[in-house]
Amino acid sequence: MAFLSDMTRSKGDPKVLRSGPSSFSSFDRLARNLGWFSIALGFAEIFAAERITSALGMRGRENLVRAYGVREIGAGFMTLSVNKQAGLASRIAGDALDIATLGTAMRPDNPKRETVGVVLAIVACITLLDIMATSATTRRHTRYEGHARYGDRSGFPKGIEASRDAARKELADLRSTPGSASSTSRKPAGAGDE
């Protein structure tokens, strides 16, 4: 990442030596990967709908598969956005639709029934990943009413009173320094010499 930053920086900008640790949790990474997976799957459903329906014994439902592809792309972009919880929730709803649609292909007269069973198992596993990512990111990014995220922090390493005491000591040291402006007595404005 530092290499890319250095390529795009202006001549006077400081050089990036190294980047710090990522603030992404493992579930944030999972959500991001699910978003990219959703976009890729959506394009596959749009451009290879005939092959998908043929492999699953669902000829005649190509337009439905293409519509699901558009839905997948939308869910993927939402999952990659700032509001990833909405994207992940839409992915779960889409998984439910996929399972219901695949369930209709499990009829006894479908010669590709075994393939449909494998695809159903894969979709069920992906649904589980979607649920895990949704609950984890919701827990991590939700702020609760009356709960301050950093309520126990003051910004002072040893507490406010220790910082006040240190500031008073520093001020006293400054006042006692000979030749400082505060150590000489000032006359009030308008006072004459006596």
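The values are calculated or read from the model by the stated rules, or taken from the named source; none is laboratory data. Nothing here was measured: the structure is a model prediction, and the numbers come from that model. Cβ: placed from backbone, ideal geometry, glycine included. Neighbour counts: every protein chain shown. Ligands, DNA and RNA are stripped out before the accessible areas are found, and what is left, the full protein with its side chains, is counted by its heavy atoms. Shrake-Rupley method; radii C 1.70, N 1.55, O 1.52, S 1.80 Å.
In table form, for the structure just shown:
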| item | result |
| --- | --- |
| Translational D in µm²/s for the stretch 24-102 (Stokes-Einstein at 10 °C, 1.306 mPa s, Kirkwood Rh from C-alpha pairs) | 125 µm²/s |
| Whichever lysines have a C-alpha closer than 20 Å to that of LYS169, once near sequence neighbours (fewer than 8 apart) are set aside | LYS158 |
| Apportionment of accessible area to carbon and sulfur, the stretch 24-102, percent (1.4 Å) | 70 percent |
| Probe 1.4 Å, all protein chains present, accessible-area order of ARG175, ARG32, largest first | ARG175, ARG32 |
| Extension reserve of the ILE46-ARG59 stretch, reckoned as 0.36 nm per residue once the Cα distance is removed | 3.2 nm |
| Label-point gap, in nm, between LEU174 and ALA67 - each point 7 angstrom along Cα→Cβ | 7.3 nm |
| Zone residues, the stretch 34-68, relative to ALA93, backbone N less than 15 Å from point 7 Å out along Cα-to-Cβ | 68 |
